[in-house]
Amino acid sequence: MRLAVSLALAAPAAVAAATIAYAAAPIAVGAKVPANFAAVDSTGKPRSFASVTGAKGVVMVFFRSAKWCPYCQAQLKDIRALTPELQKRGYTLAAISYDTPEVLSNFAGKQDVKYTLLSDAGSKMIDAFGLRDPNYAPDSFAYGVPTATVLVIGKNGVVRKKLSTTDYKVRPSNATIIAAVDGN
């Protein structure tokens, strides 16, 4: 009987440990992007960190889904206006989620998105950056989504600024993102 109780108590702990063991610690300002950075863009082309980075760096937006998250959809449409300002500063704009390239391509076509949308199959990069939202179990359709985060990353791969929240409904304004790029 004691063994059965011990096993019954140990099983949930093992499951909890397994569900939180997938991600690294959340990336911090001053840290380098994962050396194995790899994703696929909305056309299905493999992309490296260098391939999405401008002369001075990249603003990388981690979002939940272009398919089903209305807050993400609004953000992805809003940040279209950032592209010219970022280009003036030597930065590119890229956004990454667990969505498939097809979902991203459809969204980009319908919403006239010209910046790079990245598909992170299996949320490998989301996990490598330590940004997986822990609020979703493996059987949830949202399993693998990141916390809403914007990173300003220098060309050298070092995170200069991090704008992140655990409230998926809250996103930084374009003015806040530009201020982060400008070092404010």
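The values are calculated or read from the model by the stated rules, or taken from the named source; none is laboratory data. Because the structure is predicted, anything quoted here is derived from the model rather than measured. Note that each Cβ is placed from the backbone with ideal geometry, even for glycine, and that neighbours are counted across all protein chains shown. When the accessible area is computed, the model is the full protein with side chains, heavy atoms only, and any ligands, DNA or RNA have been set aside. Shrake-Rupley method; radii C 1.70, N 1.55, O 1.52, S 1.80 Å.
A few remarks follow.
- Residue among SER65, SER42, SER48 that alone is under 13 Å from the mean Cα position of the chain (by Cα) and polar (S, T, N, Q): SER65
- Answer residue from segment 65-74, given it is of a type outside the set (A, V, I, L, M, F, W, C) and either in contact with a helix residue (DSSP H, G or I) (Cβ under 8 Å, 6 or more places away or on another chain) or free of Cβ contacts under 8 Å to residues at least 12 places away in the same chain (or both) and is most open to solvent (accessible area, probe 1.4 Å) among those: LYS67
- Within segment 129-139, not a single residue is over 15 Å from VAL52 (Cβ atoms), of a type in the set (S, T, N, Q) and touching a residue at least 40 places away in the same chain (Cβ under 8 Å).
- Taken over segment 159-184, the criterion of being assigned to a loop (DSSP other than H, G, I, E, B) and among the aliphatic types (A, V, I, L, M) is satisfied by VAL170 alone.
- Considering ALA175, ALA179, the condition of being modelled with pLDDT of 95 or more and surrounded by 13 or more Cβ atoms within 10 Å (Cβ to Cβ) is satisfied by ALA179 alone.
- Test for ALA16: is it touching a Lys or Arg at 6+ places or on another chain (Cβ under 6 Å), surrounded by fewer than 20 Cβ atoms within 10 Å (Cβ to Cβ), modelled with pLDDT under 95 and more than 20 Å from ASP112 (Cα to Cα): no
- One residue from LYS88, LYS124 being open to solvent by 20 Å² or more (accessible area, probe 1.4 Å), more than 10 Å from the chain's Cα centre (by Cα) and farther than 18 Å from VAL40 by Cβ: LYS88
- Scanning segment 93-106 for residues that are touching a residue at least 40 places away in the same chain (Cβ under 8 Å), open to solvent by 10 Å² or more (accessible area, probe 1.4 Å) and of a type in the set (A, V, I, L, M) yields a total of 0.
- The residues of segment 107-128 that are assigned to a loop (DSSP other than H, G, I, E, B), without any contact (Cβ under 8 Å) to a residue 60 or more places away in the chain and within 28 Å of ALA28 (Cβ to Cβ) amount to a single one, TYR115.
- Restricting attention to segment 59-102, the residues that are farther than 20 Å from THR166 by Cβ and in contact with a Phe, Trp or Tyr (Cβ under 6 Å, 6 or more places away or on another chain) total 4.
Every residue, every condition in (1) open to solvent by less than 70 Å² (accessible area, probe 1.4 Å); (2) out of contact with any Ser or Thr (no Cβ under 6 Å at 6 or more places or on another chain); (3) modelled with pLDDT under 95; (4) aliphatic (A, V, I, L, M), yes or no:
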{"position": "ALA31", "(1), (2), (3), (4)": "yes, yes, no, yes"}
{"position": "VAL52", "(1), (2), (3), (4)": "yes, no, no, yes"}
{"position": "GLY57", "(1), (2), (3), (4)": "yes, yes, no, no"}
{"position": "LEU76", "(1), (2), (3), (4)": "yes, yes, no, yes"}
{"position": "ALA108", "(1), (2), (3), (4)": "yes, no, no, yes"}
{"position": "LEU117", "(1), (2), (3), (4)": "yes, no, no, yes"}
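- Take the conditions (1) part of a loop (DSSP other than H, G, I, E, B); (2) open to solvent by less than 40 Å² (accessible area, probe 1.4 Å); (3) of a type in the set (S, T, N, Q); ASN156 misses just one of them, which is (2).
- Pair list, Cβ < 6 Å and 6+ apart or interchain, from segment 23-47 residues that are more than 22 Å from SER164 (Cβ to Cβ) to residues that are polar (S, T, N, Q): VAL40/SER119; ASP41/THR116; SER42/SER105
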